[in-house]
1. Binned at 5 Å from 0, what are the whole-percent values of the Cα-Cα distance distribution for the range 27-92, short to long?
2. Taking the alpha-carbon distance from Lys126 and a cut-off under 19 Å, which lysines remain once sequence neighbours fewer than 8 residues away in the same chain are dropped?
3. Shape verdict for the range 101-145, please, from the Cα gyration tensor: rounded (a/c under 1.5), prolate (a/b greater than b/c) or oblate.
4. Residue by residue through the range 137-142, which ³J(HN,Hα) values in whole Hz follow from phi under the Karplus form 6.51 cos²θ - 1.76 cosθ + 1.60 (θ = phi - 60°), with glycine and proline marked x?
5. Please state the shape class of the chain: rounded when a/c is under 1.5, otherwise prolate if a/b exceeds b/c and oblate if not, all from the C-alpha gyration tensor.
6. Just to confirm, what accessible area per residue do you get for the chain at 1.4 Å probe, in whole Å²?
7. Between Leu13 and Asp115, what is the label-point separation in nm under the 7 Å Cα-to-beta-carbon projection?
8. Under 5 Å between amide H atoms, partner at least 5 residues away or on a different chain: which partners does Tyr119 have, H built in plane at 1.01 Å?
Amino acid sequence: MFKRLKNVRGMSLVEIMIVIVIMGTVAALVGRNVISQFEKSKVKTTQLQMDSIKTALQDYYLDNGSYPTTEQGLIALVQKPAGSPEPANYSPDGYLKGKVVPKDAWLKDFIYESDGANYSLISLGKDAKEGGEGYGADIIFKSNE
């Protein structure tokens, strides 16, 4: 019995270390690609959310002749706004499905600015600061451009 165990060779510490380094390298390469795809998907999700809001704003405009003002905000798409200009033909169902104003993919509120005739819709991106580069860059839509 002891003879048989003598012939069985285990792995050395160096071999184990090599396997761990290889596994770590593969994990780092795969992880970097997965994170990059995840961030790309957040940008796309934010753009889709903005498209949904733009459609709702267009419907609001067609019904009422103007966009909600900055003061009325995006909440005017789910609740009839008070103040001037008062919407003349506000839809009783609102303009957004689920009666909730969506947030961007980083769970931040969109910035909405409007004088009633034109509007800007902005997500500050991953870094939640003005400007930025890459995935931290602002995502901006202006109705007059």
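1. Result, from short to long distances: 3, 16, 20, 15, 9, 8, 7, 7, 6, 5, 3, 1 percent.
2. Lys40, Lys42, Lys44, Lys103, Lys108
3. Numbers: a/c = 2.83, a/b = 1.60, b/c = 1.76.
Since a/c reaches 1.5 but b/c is at least a/b, the shape of the range 101-145 is classed as oblate.
4. Karplus-based 3J(HN,Hα) across the range 137-142 equals 5, 5, 10, 10, 10, 10 Hz.
5. Working: a/c = 5.74, a/b = 3.57, b/c = 1.61.
Note, shape of the chain comes out prolate.
6. Numbers: 10070 Å² over 145 residues.
Result: 69 Å² per residue.
7. The two pseudo-label positions are separated by 7.4 nm.
8. Excluding prolines and chain starts, which carry no amide H, the hits are Ser143, Asn144.
The values are calculated or read from the model by the stated rules, or taken from the named source; none is laboratory data. Computed from a predicted model, the values in this text were never measured in an experiment. No Cβ is skipped: glycine too gets one built from the backbone with ideal geometry, and neighbour counts run over all protein chains shown. In case anyone asks, the SASA skips ligands and DNA or RNA and just uses the protein heavy atoms, side chains included. Shrake-Rupley method; radii C 1.70, N 1.55, O 1.52, S 1.80 Å.
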